[in-house]
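**Q** Pasting in a structure now, in structure tokens, and then I'll have a few things to ask.
The values are calculated or read from the model by the stated rules, or taken from the named source; none is laboratory data. Everything numeric in this text was worked out from a predicted model, so none of it was measured. Using ideal geometry, Cβ is built from the backbone for each residue, glycine included, and neighbour counts are taken over all protein chains shown.
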Amino acid sequence: MVQAARSGKQNIVEGSAASATSGEMEIKLINVAKASLQELLMDYEDFLRTRGHRQWEDDSVKLAAMRRLGRNHNDSAFFMQMVKNKAARNHCQHGHCTHQTERRPAFQAAQSP
């Protein structure tokens, strides 16, 4: 899970840097990032399923609240403090809803013509 998360982040950074010289390379790196983050999403789902925890539904109040936090805070220290005393399944739910790649602005922009 850690490797998929790091790879996703790093390929976004590298894709952004490559955009100045090569649009094709930017798209390739963003697509690699998308695949890495999709792998991470599946890992989160597996974690919840194998431990008998249910995944938050799309209309869940908790999911909506977590997505608002994700939109309003871009500081890892904020989230680290928030999850210090939460159970592992909650960490997984948080990661699951904040890493849904199709809803991330960088991926939406990369998919635009």
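**Q** Looking at (1) of a type outside the set (Gly, Ala, Ser); (2) in contact with a helix residue (DSSP H, G or I) (Cβ under 8 Å, 6 or more places away or on another chain); (3) at pLDDT below 85, find the lone condition where ARG51 falls short.
**A** Every listed condition holds for ARG51 apart from (3).
**Q** Quick one: VAL61 ticks every box in (1) of a type in the set (A, V, I, L, M); (2) surrounded by fewer than 17 Cβ atoms within 10 Å (Cβ to Cβ); (3) modelled with pLDDT under 85 bar one, so which box is it?
**A** All conditions pass for VAL61, except number (3).
**Q** Being touching a residue at least 60 places away in the same chain (Cβ under 8 Å) and under 17 Å from the mean Cα position of the chain (by Cα) is the filter here, so list the residues in region 17-32 that pass it.
**A** Those that are touching a residue at least 60 places away in the same chain (Cβ under 8 Å) and under 17 Å from the mean Cα position of the chain (by Cα): ILE30, ASN31.
**Q** Let me ask something additional. How many residues are at pLDDT 85 or above, closer than 26 Å to ASP43 by Cα and exposed (fewer than 13 other Cβ atoms within 10 Å of the Cβ) if we restrict to region 4-32?
**A** The total comes to 1.
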